[in-house]
Amino acid sequence: MKHVRTTPVLSAIALACGMAVAAPSLAADTIRIAFGGPVTGPITQYGDMVKEGIYTAADVYNAAGGVNGKKIEVVEVDDACEPKQAPVAANRVIKDGIRFVVGHTCTGATVAAAPIYNNEGVVMVTPSATGPVLTDGKNYEFIFRTIGRDDQQGPAAVKFIVEKVQPKKVAVLHDKQSYGQGIAESVRDGLKAANLEPVIFEGINAGESDYSAVITKLKAAGVDFVYFGGYHPELGLLLRQGAEQGLKARFMSDEGAGNPDINAIAGDAVEGMLLTMPADFSTKPENAKVVEAFQAKGRNAGGAFQLSAYAATMAILESIKATGSEDPAKVAQYMHANSFATPIGEISWTPQGDLKSFDFVVYTWHKDGSKTIAEK
Amino acid sequence: MTDFFPLFIQQLFNGLSLGAIYALIAIGYTMVYGIIGMINFAHGEIYMVGAYVGLVALTAIGTQSGLPIWLIIAAMLALSVTVTGVYGYTVERIAYRPLRSSPRLVALISAIGMSIFLQNWVGLGQGTRDMAVPSLISGAYTLQMGESFEITIAWSRLMIIGVVLVLMIALTLFIQHSRMGRASRACSQDLQMAELLGINTDRVISFTFVLGAVLAAVGGVLIAITVGKLNPFIGFIAGIKAFTAAVLGGIGSIPGAMLGGVLLGVAETLAAGYISSEYKDIVAFGLLVLILLFRPTGLLGKPEVEKV
């Protein structure tokens, strides 16, 4: 107990209740679900998307009288999207006696937190971490995701590039982080297999502000198509500096870059950029009620992770309802054995916790921040 | 490779505009070190504050105000320089002056603390998300050289090099010929002696911090206009690079900081252009180690004479 960071208030309460089993018995009248992800740091908007999904799901269930007669309570745990911060956050969740987590948000942080939850028997469902490394070969029992894997996103991009775009010279760039590099490598391998080997494959430093050297290199190599694996700040700068140097290449990227902030950074240079993203479930007619629940609270269901977070929360709550128990082991077992009708479709999991199927769609991004399904 | 030469020119230009900013920040490190022998680790954050103040000024004026672009930029610079100068003064007054007589390590920790404080201070006020600066100066001068490659000289980057060049010349003249410049040179030679001779050393030190902050603010505004993306953490990388540039040129030497900044920027860009972006920091820092092996005091640094 003494090695775990906790808030002074909680430790005071824990002391008052007697050290041994104080924390779990604290809030027996609610079902607590922790949100794990960035509350602080430079990419909090992804955390906001996930939180909107969790809170909306909690609101919907609470309005219907809760689950097994108990209200749902959401607890926010901050990992700032940093792998070194995530274990601290995970330990806080366990220390507070919370047994269900929706998160974490970024792949790096999720990979760091997952073994802790699995060892302690806490059910963790990430709605946004797409790195294959999270589940591959780990045989976790308690770890799930409600989003596709990078190696499902990569092939979707490759298929589109090869069949529709048919560029002459391709460059593949990434930000050297596990998410971006993972997708970039899968795209590179896919293109190679299709006899369209990238002429440049290179990592850039995330967080820097000047990528003009790379742009010059792309231009000199006569590249007409660039795939970038990473997040929107770097892609925004690449687009802006590319336009500045008159680089005539089309850009494509992953859902990590699919954020309206990129329009502010890159300006008109985003027009025509391609992105692989999960299908926009918020426009499907069968989700009208869920979307309404989002709108009623001034939230937007149309972002990248809101509905996957909603689905993650829903799967946990439905399993608690079905098993009539808050025992994470029983909930995890139930989740593995059944399928769930959620806003992101009928979902079920492979034994290692990945979705059995998940479709990525290629979108064209526009300078007003909207996106349309890409034709070519 | 008929395109070799124009390609090289383009990369050189990219490197110069990056190096010019490094040089501008490096001067702040080197001047403070020259006078009180301390590394001001909060200096990168001062640059970040400068960039943010510039953005605030731009937001207040608005891009649709109809004012000429140069006037908007001048107003951004003026406000940023003023506010950031006050920051520079305050940081010294609060975090360093009370520790002047304590061991150097204490002031160093205080500087790191100040750096974290400023990051979070701006983060709380402005949010930690990336802020975008609309591009004010678009367009470029293109030059067809060689067979197919077109050299692009973006006006915004040309402005960086121009502004930095003017500031460097002004600073050199100021240090050489003004009363304050003479006093600060005296202080950097021997602080105690200068004080005995009647120089108000506290004022000189404050002035040094303000001058460093002003230059960093200009760098911040220029980079905000050119790059267009700000977050409260940009000061860290920029600070590390500028500090490296100062050491490369010889810490304590102002021309050294200028040379070091430009050299580092060009080395990084050429490494990224001709080897790979993955290796650019390795090349740049390898260069640093190599130069320090042969010239331990940096390119233009004078060997330290132990004062008894």
Do we find a residue being at pLDDT below 90, out of contact with any helix residue (DSSP H, G or I) (no Cβ under 6 Å at 6 or more places or on another chain), in a loop (DSSP other than H, G, I, E, B) and basic (Lys, Arg) anywhere in the range A:289-305?
-> no
Only one of (1) of a type in the set (A, V, I, L, M); (2) surrounded by fewer than 24 Cβ atoms within 10 Å (Cβ to Cβ); (3) within 30 Å of residue B:274 (Cβ to Cβ) does not apply to residue A:122, and that is (3)
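Identify, from the list B:239, B:252, the residue that is within 14 Å of another protein chain (Cβ to nearest Cβ) and under 27 Å from residue B:116 (Cα atoms).
Numbers: B:252 fails: within 14 Å of another protein chain (Cβ to nearest Cβ).
Result of the check over B:239, B:252: B:239.
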Could you tell me whether any residue of the range A:59-67 is part of a helix (DSSP H, G or I) and free of Cβ contacts under 8 Å to residues at least 12 places away in the same chain?
-> yes
Of (1) within 17 Å of the chain's Cα centre (by Cα); (2) part of a helix (DSSP H, G or I), residue A:88 satisfies all except one. Which?
-> (1)
If you scan the range A:329-376, which residues turn out to be among the small types (Gly, Ala, Ser) and under 29 Å from residue A:232 (Cα atoms)?
-> A:345, A:353, A:357, A:369, A:370, A:374
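Residue under question is residue B:289, and the condition is that it be free of Cβ contacts under 8 Å to residues at least 24 places away in the same chain and either surrounded by 24 or more Cβ atoms within 10 Å (Cβ to Cβ) or at negative phi (or both); does it hold? Steps first, answer last, please.
Details: free of Cβ contacts under 8 Å to residues at least 24 places away in the same chain: yes; either surrounded by 24 or more Cβ atoms within 10 Å (Cβ to Cβ) or at negative phi (or both): yes.
So residue B:289 passes the test.
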Every listed condition ((1) in contact with a strand residue (DSSP E or B) (Cβ under 9 Å, 6 or more places away or on another chain); (2) at pLDDT 90 or above) holds for residue A:280 save (2)
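If the requirement is being more than 14 Å from every other protein chain (Cβ to nearest Cβ) and either in contact with a Phe, Trp or Tyr (Cβ under 7 Å, 6 or more places away or on another chain) or not hydroxyl-bearing (Ser, Thr, Tyr) (or both), which of these qualifies: A:308, A:339, A:319? Before you say what the answer is, go through the steps one by one.
On the way: A:308 fails: either in contact with a Phe, Trp or Tyr (Cβ under 7 Å, 6 or more places away or on another chain) or not hydroxyl-bearing (Ser, Thr, Tyr) (or both); A:339 fails: either in contact with a Phe, Trp or Tyr (Cβ under 7 Å, 6 or more places away or on another chain) or not hydroxyl-bearing (Ser, Thr, Tyr) (or both).
Answer to the check: A:319.
A quick yes/no check of all residues on (1) crowded, with 24+ Cβ neighbours inside 10 Å; (2) farther than 19 Å from residue B:112 by Cα; (3) within 14 Å of chain A (Cβ to nearest Cβ):
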{"site": "B:3", "(1), (2), (3)": "no, yes, yes"}
{"site": "B:7", "(1), (2), (3)": "no, yes, yes"}
{"site": "B:10", "(1), (2), (3)": "yes, yes, yes"}
{"site": "B:15", "(1), (2), (3)": "yes, yes, yes"}
{"site": "B:20", "(1), (2), (3)": "yes, yes, yes"}
{"site": "B:36", "(1), (2), (3)": "no, no, no"}
{"site": "B:42", "(1), (2), (3)": "yes, no, no"}
Among the residues listed as A:156, A:171, A:221, the single one being at pLDDT 95 or above, more than 28 Å from residue B:222 (Cα to Cα) and of a type in the set (A, V, I, L, M, F, W, C) | A:171
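Could you pull out the residue among A:39, A:75 that is part of a strand (DSSP E or B) and either closer than 17 Å to residue A:320 by Cβ or within 14 Å of chain B (Cβ to nearest Cβ) (or both)?
Numbers: A:39 fails: part of a strand (DSSP E or B).
Among A:39, A:75, only A:75 is part of a strand (DSSP E or B) and either closer than 17 Å to residue A:320 by Cβ or within 14 Å of chain B (Cβ to nearest Cβ) (or both).
For the range B:99-124, enumerate the residues that are surrounded by fewer than 19 Cβ atoms within 10 Å (Cβ to Cβ) and either of a type in the set (Lys, Arg) or within 14 Å of another protein chain (Cβ to nearest Cβ) (or both).
To start, the set of residues in the range B:99-124 that are surrounded by fewer than 19 Cβ atoms within 10 Å (Cβ to Cβ) comprises B:99-106, B:108-109, B:112-113, B:116-117, B:120-121, B:123-124.
Selection gives B:100, B:104, B:116, B:120, B:121, B:123, B:124.
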Output the number of residues of the range B:32-72 satisfying the condition of being at negative phi and part of a loop (DSSP other than H, G, I, E, B).
-> 10
Tabulated pairs, the range B:137-154, first facing chain A (nearest Cβ under 8 Å) and part of a loop (DSSP other than H, G, I, E, B), second modelled with pLDDT under 80 and surrounded by 12 or more Cβ atoms within 10 Å (Cβ to Cβ), C-beta under 8 angstrom, 6+ apart or interchain = B:148/B:3; B:149/B:3
Within the range A:199-222, considering residues that are more than 9 Å from chain B (Cβ to nearest Cβ) and either under 22 Å from the mean Cα position of the chain (by Cα) or surrounded by 22 or more Cβ atoms within 10 Å (Cβ to Cβ) (or both), the one farthest from residue A:149 (Cα to Cα) = A:218
Out of all the residues in the range A:263-286, which are small (Gly, Ala, Ser), away from every other protein chain (no Cβ under 14 Å) and part of a helix (DSSP H, G or I)?
-> A:282
Residue A:102: surrounded by 24 or more Cβ atoms within 10 Å (Cβ to Cβ), over 24 Å from residue A:255 (Cβ atoms), of a type in the set (Val, Ile, Thr) and touching a residue at least 24 places away in the same chain (Cβ under 8 Å), yes or no?
-> no
Please enumerate the residues belonging to the range A:233-252 that are farther than 21 Å from residue B:274 by Cα and either at the interface with chain B (Cβ under 8 Å from one of its Cβ atoms) or without any contact (Cβ under 8 Å) to a residue 12 or more places away in the chain (or both).
-> A:233, A:236, A:240
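Taking residue B:158, is it surrounded by 15 or more Cβ atoms within 10 Å (Cβ to Cβ), in a helix (DSSP H, G or I) and in contact with a strand residue (DSSP E or B) (Cβ under 8 Å, 6 or more places away or on another chain)?
Numbers: surrounded by 15 or more Cβ atoms within 10 Å (Cβ to Cβ): yes; in a helix (DSSP H, G or I): yes; in contact with a strand residue (DSSP E or B) (Cβ under 8 Å, 6 or more places away or on another chain): yes.
The answer is yes for residue B:158.
For every residue, the table says whether it meets (1) part of a strand (DSSP E or B); (2) of a type outside the set (Asp, Glu); (3) without any contact (Cβ under 8 Å) to a residue 40 or more places away in the chain.
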site: A:330; (1), (2), (3): no, yes, yes
site: A:341; (1), (2), (3): yes, yes, yes
site: A:353; (1), (2), (3): no, yes, no
site: A:361; (1), (2), (3): yes, yes, no
site: A:364; (1), (2), (3): yes, yes, no
site: A:367; (1), (2), (3): no, yes, no
site: A:372; (1), (2), (3): yes, yes, yes
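The values are calculated or read from the model by the stated rules, or taken from the named source; none is laboratory data. Since we're looking at a predicted model, the values are computed, not measured. Every residue, glycine as well, gets a Cβ built from its backbone with ideal geometry; the counts of neighbours run over all protein chains shown.
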